[in-house]
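Data block below; observations after.
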Amino acid sequence: MEALSTWSKVIIAFIVLILMYTKYIGTHLRTVNTFFHETSHALIALLFGNKVKEINFNTDQSGSCLSISKSKFATFMTSISGYIGCSLIPLALVYAIEHRGVEITFLIIAILALITILLYIRKTYSLVWTMGFVAVNIICYMIPMTLLIKTYILYSIMILLLLSNTRSCFHLLYIAFVNPKQSGDCALLKKITHIPSLLWALLFNAINIFVIYKIFFEILF
């Protein structure tokens, strides 16, 4: 990521962090993580032969991916994919930046979001937000801007997703500790595997921390 200086990376990360906790703006920005989380569930569900019925997410960053599973293993893979997907996608975005795939990445994200709208999204907030996300990515792909500016934007999305997923993972760990039955994906994984919800939450946090280490200490700096 030679095009971005160390200071620009730090400044962008700081700005994104501030915006994440800015009233109104932060709500919509953090929904990026919910979108990729639920989309990861949907993609893995389809990969293992499940039928995806509906994807929804809300203003409080909660979301759901309703699917009909054909087997316990398919359910397991679908359940584990949300947090892991949101940890690995930032790595993919960094790879795209490093290998001059910035513009095509915007197009891929726009197509993915558009397909999600057409097939699975029904509720108002989910629909309006995803349409806006499609528009942003199409603009970034089509509008003549310097590659440096587009790199800044994609890097900002990567930081936003990384910070939001880290926040979600820590919150999940807290919920899995104080109220395991309400720990979402971890509770479902516990039901399937009989491994405690807290251990699944620890696993998701460990994977996320490892990705952060890879990105910031081996790739970016």
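Quick rundown of the values:
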| item | result |
| --- | --- |
| Filtered residue count, the range 20-78, keeping only those that are of a type in the set (S, T, Y) and surrounded by 15 or more Cβ atoms within 10 Å (Cβ to Cβ) | 10 |
| Residue within the range 29-45 that is under 20 Å from the mean Cα position of the chain (by Cα) and without any contact (Cβ under 8 Å) to a residue 12 or more places away in the chain present | no |
| Residue in the range 65-99 that is nearest to L161 (Cα to Cα), counting only those that are without any contact (Cβ under 8 Å) to a residue 24 or more places away in the chain and not in a helix (DSSP H, G or I) | H99 |
| Number of positions in the range 95-130 that are within 23 Å of Q61 (Cβ to Cβ) and either of a type in the set (A, V, I, L, M) or touching a Pro at 6+ places or on another chain (Cβ under 8 Å) (or both) | 11 |
| Long-range neighbours under 6 Å by Cβ, at least six apart or interchain, first residue modelled with pLDDT of 95 or more within the range 103-121, second outside any helix (DSSP H, G or I) and surrounded by fewer than 20 Cβ atoms within 10 Å (Cβ to Cβ) | none |
| Odd one out for A74, checked against (1) within 15 Å of S40 (Cβ to Cβ); (2) among the small types (G, A, S); (3) within 15 Å of the chain's Cα centre (by Cα) | (3) |
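This table checks each residue for (1) under 19 Å from F216 (Cβ atoms); (2) surrounded by 20 or more Cβ atoms within 10 Å (Cβ to Cβ).
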site	(1), (2)
S87	yes, yes
L93	yes, yes
H99	yes, no
I109	no, yes
A113	no, yes
L119	no, no
R122	no, no
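The values are calculated or read from the model by the stated rules, or taken from the named source; none is laboratory data. These numbers were taken from a predicted model, which means no experiment stands behind them. As a convention, Cβ positions derive from the backbone with ideal geometry for all residues, glycine included, and neighbour counts pool all protein chains shown.
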